[in-house]
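Right, one structure below, let's go through it.
The values are calculated or read from the model by the stated rules, or taken from the named source; none is laboratory data. Note that this is a predicted model, so its numbers are computed, not measured. Don't worry about glycine lacking a Cβ; one is built from the backbone with ideal geometry, like all the others, and counts go over all protein chains shown. Surface accessibility is based on the protein's heavy atoms, side chains included, excluding ligands, DNA and RNA. Shrake-Rupley method; radii C 1.70, N 1.55, O 1.52, S 1.80 Å.
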Amino acid sequence: MTTTTSPGAARPAAPHEEPDILCDNLVRIYRTEGIEVVALQGLDLRVERGDLVALVGASGSGKSTLLTILSGLDTPSAGVARVAGHDLSSTDRRARLRYRRHTVGFLFQQAAANLLPYLTAAENVGLPMLLAGVGRRERPRRAREVLDVLGVGDVADRRPAELSGGQQQRVALGVAVANSPRVLLADEPTGELDSRSSDEVFEAVRRANEDLGTTVLVVTHDPLVSEHVARTVGIRDGRTSTEVLRRDGEAGLVAEEYAVLDRAGRLQLPAAFTGRLGLRDRVRLDLEPDHIAVRPGHDGVDGKEGA
Amino acid sequence: MTGPRTRTLLVRGLAAVRGPVALMAVLGLLAGAFLVTGPRVVDRSADAALGDLLAGAPAAAREVGVTSPPSRPLGPPATADPPREGPVAPFEAVDAVLRDVLGPEVSGLLGMPTWAAQSEPAALLRPGGTPLRPDTTRAVLRAQSGLDAHVRWVDGGAPGPANDTGTTRAGGTRHPVRVVPVALAAATARAWGVAVGDVVDAVPEGTADPVRVVVTGTFTPLDPGDGFWAAEPRMAGLAAIPDPLGGVTEEAALVADVASYGALSDALWRAGPGVPRDAGSPVLAASWRYPVDAGRVRTRDVGSVRALVTRLDTDPRLRSVPGRTLTTTTGLGGLVDEHATALAATAVMTGFATTGLTALTVLVLALTALVALARREAETALLRARGGSLRRLLVTGAVGPVLPVVLAAAAGAVAAAIALPGTTGRTALVQVSVVALVPALAGALALVVGVRARERRDPGSHAARRVRVVRVLRRAVGEAGVVVLAVLAVTTVRSRGAEIASGRQDWFAALVPVLVAAAAALVVLRVLPPLARRAAGVAARRRGLVAFLGLARSARGGARGALPVVTVVVGAAVLTLLAQLTLTLDTERETAALRTVGAEGRVDALRLDPEDVEALLARPGVGSVLPAYVEAAEVVLAGESTPVVLVATDVAAYGALVEGTALAVPDAPAEGQDGPVPVLGGPGLAPGTADLVVRGQRVPIRVVSRDSDLVRVVDGRSAPAVLVDLDALQDPVPAVRADTAFLDSAGARALLGAAEDPAELTPSGRVSGVVSADAVRADVAGLALPRLVTGTYLVGAVLAAALTLVALLLLLVASRAERAAAVARLRTMGLPRGRDRALAWVEVLPVVALGGLAGAAVGLLGPTLVAPALDLAPFTGSLTRPPLDPSPLVALGVAAGITALGGLALVLDAAAARRGPLADHLRRGDTA
């Protein structure tokens, strides 16, 4: 049995406009107590303006690190990370501050971590506006609007401890989009929620994407989320490994999975494939006229031969 | 609905850290009050100390005295002429000049001035010519102002002017005189058998003529300790004037009114008809006394007093009184100098305590601010992630929470200023400001460093190494800076110790214990990790997981921050230093009291005969009475004279009496040998032969043994003692008779309470006083400055212990969340329930114990380091600078105490953790 790859199948055509999120050969190495941890090892990612993209991957694959870099809270060790025209590898501290105020919104996994416990929902939403210098009179009005859009206008005067998890996360989403950022980054926003609340939150995220035109990159383990977006990017060992593109077909939503071939020519085969065919250590590649055949490295070891 | 404002973030954010904020506010309040109260208490104590000093000083020292000798006689006395008015009394004229010289400022500090004129001693005869007493009885004739205000009349009343006349005989010539009314002490009258109405002729020695007096009253002094009597003690009773040939001559004073000045002088030396009355008396020496009222003088008056002392030496007005040669005397200059020295010593003593406490408070405040900041770390991170500027983070995260501290410190300072009127110097205000701002500064610094570290751009592998090197270098430079500062401070205090001890304010030097403790803390921070790692390695090979895990965490610094360790070390150092100095003060006070008294108790008398000793022994509670003769004497060796205190007694019995006290003496000298008298010598008296000068006689002595601790005090002077057997000394000097008796403590207590008047203790009435070492020690301890130092040290020790405990609690609070997470993880691996507390003990106690030991070591060294600037004499009653003898046991005790405080903090922390919200416990696993 072989797996085959076809040229250009996984990548959409390059648009003329610069994407809202562009990562090129992104590397992030942490040093903790003398030990180097390579969290991202040459990650490539492109998210067009207005897209809603899900990012999936195993724990430790680098998803959160990527989001931290894209939100301007961390800097890459090497490579390019551009968001809405901001080169995050070279911006100074002041520019980074402006970037966080106006360009990105960030939604942490734990709802409580997104909100100040001693402020009401409306005040929490007004907080980024205060930081961005929005006028005192305008803040309450805009906060109310945002909360109404997200369906939590009725709890505007309650503090986080008086809200359900779903309400908290929707208010947190309101905080993230308070200054109408161009990009919304969400780190497992439904991770701590029940399915109903999860639906509500995801619906709110989708509404922000569609109504406000915000580009959304959401890290998730939640199939409810990942299976309901047009594009799901998989990360493995600090690199983008696969992409699933979904489109409406005649028989409903059609999902097509692609492996990602990076600039260095590296290709990550899905674990399910390699596991099923027993591909490990060395594999043999055969260049065919219209595809590349990948076979187990030791013919006849398991009595099978690649086709 | 309103949007959030910065004020909202500030005010509501405080609620999130209300515990640390409340703690900081309390500390700020106390610090503000303490820093304002401290100098005011010192000012008050200084005033009280000046009062103590003046009250305890000899009367002559605390007054301005003026004397004028008799004038030169103009021609021979006109003995046979009828009585005249006599010379005009000079009192008012000189008083007017003196008042002018004293000035209004000093005049306001004075008590009641008095003046007097006095003759030479005169023999007393009955009008018929027979002596008043069979033995030699003499008296001076004294015209004295103010007598009535200082006595209680036993019989009769105050003498008035001389109105009656009589005739005495001067060398066979009739000598008509005006009879001078006089009064005398009742005790004197009893001893002489004189009563009111008796007439006595006083026949002066030399060329003066006799005067006739009539007794108008007998009195007892209202207060025998009143300085009024000190100018002429013979007014209050009989005085024993030592006779070089042995024994004493008893003398008294016959006191007339100043209105009798002319009559008295006229009787003693009647001037010829042409001599003007303002030519002065050729037989009466006049004196004026201006005593300073101890209750009125304040430290701020010292400048005026100093200026007066200078004026008394230089003012021409004192040399321009017609017909008078005035001599001024005062001990006020010496007293204010002594006061200044005592204040300087006090400033140094309290300075170490207050500086240490202030530093400790600053450290705890900074630590609390960091704990508060750590509690808001997530909030700070969130605000930063949302685009909060550093300025805004500083306002909401670091400065805002400490606003209550500033307000509390100001409130404490104002409350203290209202409660305790006085003046507040700029130094105190600066200190309050620094203390109030420290939490903000510490929080701001930590916040900036934290934000910068979090947002540091990834520098790459090579740059990372460079960053590490820079970090290591930065730490090394910081440590070297602290060490250099500590060395400089020690050098300063050692090289300028004398200047500091004499009053030079030097806060840098006062910081010596703190800086040395900080340097020691840095050593602890360096030494602790490898030690804990090694201990963890040993623990790993043994059974049980807790010891290994706790020590391993300790080595990794889980529970160890630099600031808590520095605080613990500084706290231990301050506590040890205060304990060492308190102990030294107590010991030296006891030694000084024993040296002053000579034993646990002492009886002073004009003379102590065997029957007196027996009478004393017969008193209930008196077990032993050891007669002795004590005198300031001299030892002459090779032509060089050394002042000594002669103690002549039964040396063996004396050794037994003082055994076990600081006065313990070596074996008694050998007795019964011909040749020089064997003696024990004090420091500076080399063994060998020398001469002892006693009562004008040189006695050959042989110093058989020298004891460096054999020092005694007599007449306010400390000197090496010469201990000699009384019997052996009486052979060459028969005039030496026992005038002292040494007692044990029980005997001293019994005699002190036995009689109101010491003279009643024996039938002979010769006992003049009883004193005990305990009473002397209590008197010294009760003086203002010793009380101030003791109080400061006591309060300082309590506060230092409390602050150290708070620091330990903060250490635990700061590491609690992380430890709880670790415990939650370990629970999942099978850590038995309850072992989490053991984990905390193993993790924290080594840090505390090591910090306590390091601080105690610094405190042990402290007195030695600052010795040149420390003079304990004003607080011990010692006349010389007492030695500083640090005790390792005290240091070990403090280290153990600090470790116990660590244990208490662990118990309190565990209790607080148990009372925490249930949700906190349930969520521990979230972060595990």
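Using a/c under 1.5 as the rounded threshold, could you call region B:598-781 rounded, prolate or oblate? The axes a ≥ b ≥ c are square roots of the C-alpha gyration tensor eigenvalues, and prolate needs a/b larger than b/c, oblate otherwise. Taking the square roots of the gyration eigenvalues as a ≥ b ≥ c, region B:598-781 is prolate.
Gain on full extension, evaluated as 0.36 nm per residue between B:Gln730 and B:Arg319 minus their Cα-Cα distance, stands at 143.0 nm. Once each of the GluC sites (Glu not before Pro) sitting in a DSSP loop with at most 11 other beta-carbon atoms within 10 Å is removed, chain B keeps B:206-658 as its longest stretch. For the residues A:Arg280, A:Arg28, A:Arg246, a GNM of chain A with alpha-carbon springs under 10 Å puts the largest fluctuation on A:Arg280.
Per residue, the average separation of C-alpha pairs within less than 8 Å and at least 6 apart gives chain B a relative contact order of 15 percent.
Model label sites at B:Thr165 and B:Val487, defined 7 Å from Cα along the beta-carbon direction, differ in position by 9.4 nm. For B:Thr165, the residues whose modelled amide H falls within less than 5 Å of its own, excluding neighbours fewer than 5 places apart on the same chain, are B:Val179.
Checking the a/c ratio against 1.5 first, then a/b against b/c, what shape does the Cα gyration tensor give for region B:63-330? Oblate, since a/c reaches 1.5 and b/c is not below a/b.
Summarising the amide proton neighbourhood of B:Val292: residues at separation of 5 or more, or on other chains, whose placed amide H is nearer than 5 Å comprise B:Glu63, B:Val64, B:Gly111. Determine, from the Cβ-Cβ distance of B:Asp293 and B:Glu611 and an R0 of 41 Å, the FRET efficiency 1/(1 + (r/R0)^6), rounded to the nearest 0.05. My answer for the efficiency is 0.40.
Multiplying the residue separation of B:Ala410 and B:Val472 by 0.36 nm and subtracting their alpha-carbon distance yields 18.3 nm.
For region B:830-888, applying the loop criterion from DSSP together with a ceiling of 12 other beta carbons within 10 Å to the trypsin sites (Lys or Arg not before Pro) yields B:Arg833. Suppose R0 equals 35 Å. What FRET efficiency, 1/(1 + (r/R0)^6) with r the Cβ-Cβ distance, do B:Ala562 and B:Arg426 give to the nearest 0.05? Here the calculated transfer efficiency is 0.65. Residues considered: A:Ala156, A:Ala81, A:Ala271. Largest GNM mean-square fluctuation over chain A, using C-alpha springs under 10 Å, is found at A:Ala271.
For chain A, report the accessible area per residue in Å² (1.4 Å probe, heavy atoms, rounded to an integer).
That works out to 48 Å² per residue.
Ordering A:48-59, B:43-54 by mean Cβ neighbour count within 10 Å, with the highest value first, yields B:43-54, A:48-59.
Run the paramagnetic zone check for B:Arg277: 7 angstrom along Cα to Cβ, then residues of region B:71-97 with backbone nitrogen under 11 Å. Within reach of a label on B:Arg277: B:84-89. Can you give the angle from 0 to 90° between the axis of helix B:512-540 and the longest principal axis of chain B, with both taken from C-alpha atoms, to the nearest 10? Between the helix axis and the principal axis of chain B, the angle is about 40 degrees. Between B:Met112 and B:Ala912, the contour length at 0.36 nm per residue exceeds the alpha carbon distance by 281.4 nm. Given the options A:Ala230, A:Ala113, A:Ala176, which has the most mean-square fluctuation in a GNM of chain A, springs set between C-alpha atoms less than 10 angstrom apart? It is A:Ala113.
For n ≥ 4 DSSP H runs only, could you compute -39500 (n - 2.57) per run for chain B, divide by its residues and tell me the 222 nm figure to the nearest 500?
Value at 222 nm, helices only: -17000 deg cm²/dmol.
As a length-normalised measure over Cα pairs under 8 Å and 6 or more apart, the relative contact order of region B:680-735 settles at 38 percent.
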